[in-house]
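These notes concern the structure reproduced below.
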Amino acid sequence: MRRADGWRGGRTPRQRRAFVIGGGLLGAAAVMLLAAWRSSGFLSDLLLNLGASVVLAAISYVIFDPLFEEARKARVQEHLSFDQQAFVARLRGSCRRVRILDTWTILLEDRHREATLAAMRAALGSGAEVQLLLLDPDCTAAQQRSEELERQRVNVPRQIRANLRHLAAFAGDLTPEERGRFQVRIYDASPSIQLYQWDGQALISFFPIGKLSFNVPQLEVDMDSPWGGFVHARFEELWEHDQATLPLERYWSTTVTLRHGESDVAEVQVPYVVVDERHYIDCGALRLSGPLTARARLPRTPRSAPRVFALVEPANGDRAAVARHFDQKYGRADGGRTVLCLAPQRAADGRAPGPRSPAAADPR
C-alpha cells in the first residue's frame, strides 16, 4: 500500500536535513579544534572555545530538532470554515501530492473553477500527483446525502455529475505526461471524511447532518501526524478498493465491440448511462447500417467476461428518463443522440424488444 509523504520508511527529509546540518556543524568544530591544537596563545584559546561551542550546538540540534518537529506535527490548527482561496493558493504551490476526498467539491463551481483548474495545472507542471476521489452520483449514499441536505436545496448527484464533466474536460486538455499523474475516481460507500491535502499538510472535516461540510470547522493537520495517518489510511482504503471505486475513464465511457453476424465490425468508446439497472449507449457518433449486436464488459464489472448484447431502441415509456440521465451526465447534446439499449441476447431472443434493432455501424 502506498504511503503518504514521510511514511515511506527510512528517514524523512527533515530527519536527513537534521543529520546533514548536525554533521556539518561537527565537521566545522573538528576543523576549529584541529586548528587550535596546531596554534598557540590567544588564537588557540579562541578556536578551542568556538569549537567546543559548535560541538555543543550540533549535538543539541540533532537531539532537540526532532522533538520540536514532533511537537509541530501534533499541533492541530482549527479553521472556522473551508477557505477556498487559501486552498487554491496552496494547491498552486504543491510539488509532490494533492489529494481531495469529498462527495463533490465546491472548488469546481463557477466562481472557483477557473482558478482551481489553473492551480491544478500548475501543480501538475511542478511534478505533483493529483488524485480526486468523489462520491458515485448513482449510488444510494449520494441520494441519502441529498435527503440530509434537503433544507439546503442541494442535489448531490447533480453536483457530482457537474464536477465530473469539468474534470473529464480538464483531463482531455492535459499532456500525456500530466495525464499520467492526474487521476479521478468515484467511490460507492458512505461518506465519512472530507480531505483536502497539499503536499504534507491537509484540511480535514466530517459530514454534519443537514449542513454543508464546507461551512463547518476544518482541522489543519500534518500528514505525518496520527490524524494525518488516519485520513491517509481511509483514502487509500477507498482508492484501492476495486469493487467500491470506479476510474473516471470507465464512468465517462465504455468500450463495445460492434458485431455483424459472427464478425467484429469495430471497437468503439461510447457514452452510456444506467437507468433501472439497464445500460444505454449513445451511438450518435456512428453510422448504423444493417443488423448488429455488441460484445461488451459492463463498466462496473471489470473482471467479468464480455457478454453479447442485442442493440434495441428504448421502450417508449423509458425514453424521457434515459434522455434526462444523458443530459445530467454529459450536458445537453447539440446534435441529438442515437440511444440504444444493451439488451442481454437471451432476453432479446425471447421477446420483441422494440420497434427496430439497428445493427452494423461504422465509426465516423
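The values are calculated or read from the model by the stated rules, or taken from the named source; none is laboratory data. What you are looking at is a predicted structure, and each value in this text was computed from that prediction instead of being measured. Cβ coordinates were reconstructed from backbone atoms using ideal geometry, including for glycine residues, and neighbour counts include every protein chain displayed. SASA here: full protein model, heavy atoms, side chains in, ligands and nucleic acids out. Shrake-Rupley method; radii C 1.70, N 1.55, O 1.52, S 1.80 Å.
What the table shows:
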item	result
Residue satisfying all of: in region 133-149; touching a residue at least 12 places away in the same chain (Cβ under 8 Å) and under 14 Å from K211 (Cβ atoms); surrounded by the most Cβ atoms within 10 Å (Cβ to Cβ) among these	R145
Of all residues making up region 75-94, the number that are assigned to a helix (DSSP H, G or I) and either open to solvent by less than 60 Å² (accessible area, probe 1.4 Å) or closer than 19 Å to G228 by Cα (or both)	6
Residues of region 181-201 that turn out to be in contact with a Phe, Trp or Tyr (Cβ under 9 Å, 6 or more places away or on another chain) and crowded, with 16+ Cβ neighbours inside 10 Å, as a count	13
Filter pass, V256 being assigned to a strand (DSSP E or B), of a type outside the set (D, E, K, R) and under 25 Å from A169 (Cα atoms)	yes
Among residues of region 271-290, those that are part of a strand (DSSP E or B) and either small (G, A, S) or modelled with pLDDT of 75 or more (or both), counted	10
Out of G335, G317, sole residue that is more than 25 Å from C139 (Cα to Cα), open to solvent by 50 Å² or more (accessible area, probe 1.4 Å), out of contact with any Pro (no Cβ under 9 Å at 6 or more places or on another chain) and not aromatic (F, W, Y)	G335
Tally, over region 202-244, of residues that are surrounded by 17 or more Cβ atoms within 10 Å (Cβ to Cβ) and polar (S, T, N, Q)	4
Meets criteria (surrounded by fewer than 19 Cβ atoms within 10 Å (Cβ to Cβ) and under 10 Å from Q159 (Cβ atoms)) for E109	yes
Test: E267 is closer than 30 Å to I204 by Cα, open to solvent by 50 Å² or more (accessible area, probe 1.4 Å) and either part of a loop (DSSP other than H, G, I, E, B) or not β-branched (V, I, T) (or both)	no
Complete set of residues in region 155-180 that are open to solvent by 20 Å² or more (accessible area, probe 1.4 Å), touching a residue at least 12 places away in the same chain (Cβ under 8 Å) and farther than 26 Å from D138 by Cα	E178
